[in-house]
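Down below is the structure, laid out as structure tokens.
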Amino acid sequence: MMQFLQDSDIVIDLHSTSKPSTPMLILGSKQIDQNLLQSLDIEYIIQNIFGKTNGLSSLEYIESQNNNTICMAFESGQHNTETTKRAAIYNCQTILGYYGLITKQDTQIKRYRPKQLQVDTTLYSKSLSDRFLYSKTPKSFDTIPKNNPIVQLGNNTIHAPYDCYILMPSSPKTISEEIGYIAKCI
């Protein structure tokens, strides 16, 4: 199957989450028309995360094998909800219609004006007791003002280098795993 994906013009990786989540798009390294991005049912566009994770995602691998393939991943929302299903279908139809692969279906859906975030820093655990300091229940897209404490990593407290967003915060299960990302609005 990987050869088929590597030979593709566009690869869309669909995801859903176990907890409530806002729709977001993770972009690969290719530039995508802003008109297309603004027409999608997503609240956030995540850029520059490739190369900042442990290991190589399937989309990163595909891009490394074929510089022409456009890769993107959708987090459409929580599993088993009607809004998640509608968002996934709408976004796929919009992209495939934009590239002329299907006739775009006219679907009524609430649209966000997506914020574009650029990942700058990966937070790697230093101990199993590392914890986020700004909240007892950290979640993606929490905003932290500049210079405020974000996380305790081993003996170091990491502060916000600018007004930033936290993406995918988690508790460490092993040492050196990524437990979150720091991103800025662009």
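Once the C-beta distance of residue 127 and residue 80 is scaled by a Förster radius of 35 Å, the resulting FRET efficiency is 0.45 to the nearest 0.05. Looking at the chain, the accessible area is 56 square angstrom per residue; that uses a 1.4 Å probe and ignores ligands, DNA and RNA.
Pick from 136, 146, 126 the residue whose mean-square fluctuation is largest in a GNM of the chain, springs joining Cα atoms under 10 Å. Highest fluctuation of the listed residues: 136. Looking at 117, 153, 129, which one has the Cα that reaches farthest to the positive end of the dipole of segment 116-186 (charges on Cβ: Lys, Arg +1; Asp, Glu -1)? Result: 129, furthest along the dipole toward the positive end. Between residue 61 and residue 33, the contour length at 0.36 nm per residue exceeds the Cα-Cα span by 7.8 nm. Length gained on full extension, residue 146 to residue 9: 45.3 nm, using 0.36 nm per residue less the C-alpha separation.
For residue 72, what is the net charge nearby, where nearby means another residue's Cβ is under 9 Å from its Cβ and Lys, Arg count +1, Asp, Glu -1? My count for the surroundings of residue 72 gives 0. Computed over protein heavy atoms with a 1.4 Å probe, the carbon and sulfur contribution to the accessible area of the chain reaches 49%. Listed by chain and number, the lysines placed with their C-alpha closer than 24 angstrom to that of residue 184 are 19, 30, 52, 115, 126, 136, 139, 146; residues fewer than eight positions away on the same chain are left out. Checking (i) 1.27; (ii) 1.03; (iii) 0.99 against Rg/Rh (Cα atoms, Kirkwood Rh) calculated from these atoms, the matching label is (iii).
The values are calculated or read from the model by the stated rules, or taken from the named source; none is laboratory data. Bear in mind the structure is a predicted one, so any value in this text is a computation, not a measurement. Reconstructed Cβ throughout: ideal geometry from the backbone, glycine too, with neighbour counts over all protein chains shown. Side chains are part of the model used for accessible areas, which takes the heavy atoms of the whole protein and leaves out ligands, DNA and RNA. Shrake-Rupley method; radii C 1.70, N 1.55, O 1.52, S 1.80 Å.
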